[in-house]
Amino acid sequence: MISVLIIEDEIKTARELKRTIESVNPDATVLDMIQSVKSGTKWLRENPAPDLILADIQLADGLSFEIFRQVEIESPIIFCTAYDQYAIEAFKTSSIDYLLKPVDEDKLGQSIAKYEKMKQLFGTGISDEPQQKIDRLLQHIGNEYKKTLLAHSRENIIPIATLDIAYFQSEFGNVCLFGFNGKKYTMSQTMDEFESWLSPVDFFRVNRQFIINRKAVESLSHYFSRRLLLKLTVTVSDPVIVSKTKSPLFLKWIETN
């Protein structure tokens, strides 16, 4: 049996999430559907912690992160949002997944399955302090990102450590991988796939065209319309510009860790 709390300010969406949860896991029970930061904080202070929380990020009275700053919780969180710019901030909480709306039933099912696996991880540490549990959880999450990618060059398959990759660039309908060693490989996967496979601690998607390794950033400068222009430690054919909406998040990411 899994007890679930939904934090979502759109009633229709909350009901759809409830239906989907009960569909993918008949043993799940939705305890309540909360619509604001204020009511979410109050609920978590006055009730036993649920097994799992599904939370939107942008609520009517603020960001749901504020709830988890005010209330110390042990429950893992699956964030369901229409915005991708909060991913780094989400993983600073006890988040186990980050789903973009509209939430796909299969992806939510996979997220709940991930929770079940992590619950087994906690089985040997039930008496741990909440922060210890979160640390164990985040360590487990970090292990799920790819450490090696496979590139094809003629008849050869070449393993490339992700930390040896300077950046990914989408060009002419293809995605190319560029190593710090200057080598370039054309990949068969999409930018969205690479973004989901790479650790958000080490890589940042600055715009539709580029995903950048933190170690490849030499300097940055202000650009037109509150964007940022990056200078990399390696040669790049096109200017690397952080979009206006992602610039504040990029600055926060670059000064973290």
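The values are calculated or read from the model by the stated rules, or taken from the named source; none is laboratory data. Bear in mind the structure is a predicted one, so any value in this text is a computation, not a measurement. In case anyone asks, the SASA skips ligands and DNA or RNA and just uses the protein heavy atoms, side chains included. Shrake-Rupley method; radii C 1.70, N 1.55, O 1.52, S 1.80 Å.
Of the cross-linked pairs K146/K244; K12/K252; K117/K146; K114/K252; K107/K183; K12/K244, those separated by over 24 Å at the C-alpha level are K146/K244; K12/K252; K114/K252; K107/K183; K12/K244. Extent along the principal axes, Cα only, for the range 40-86: 30, 21, 14 Å, with the longest axis given first.
Separation of the range 1-31 and the range 197-257, taken as the distance between their Cα centroids, equals 36 angstrom.
Diffusion coefficient of the range 182-242 by Stokes-Einstein, Kirkwood radius over Cα pairs, 10 °C, 1.306 mPa s: 126 µm²/s. Note on exposure: L229, L108 ranked by accessible area (1.4 Å probe, complete protein assembly) read L229, L108, with the most exposed listed first.
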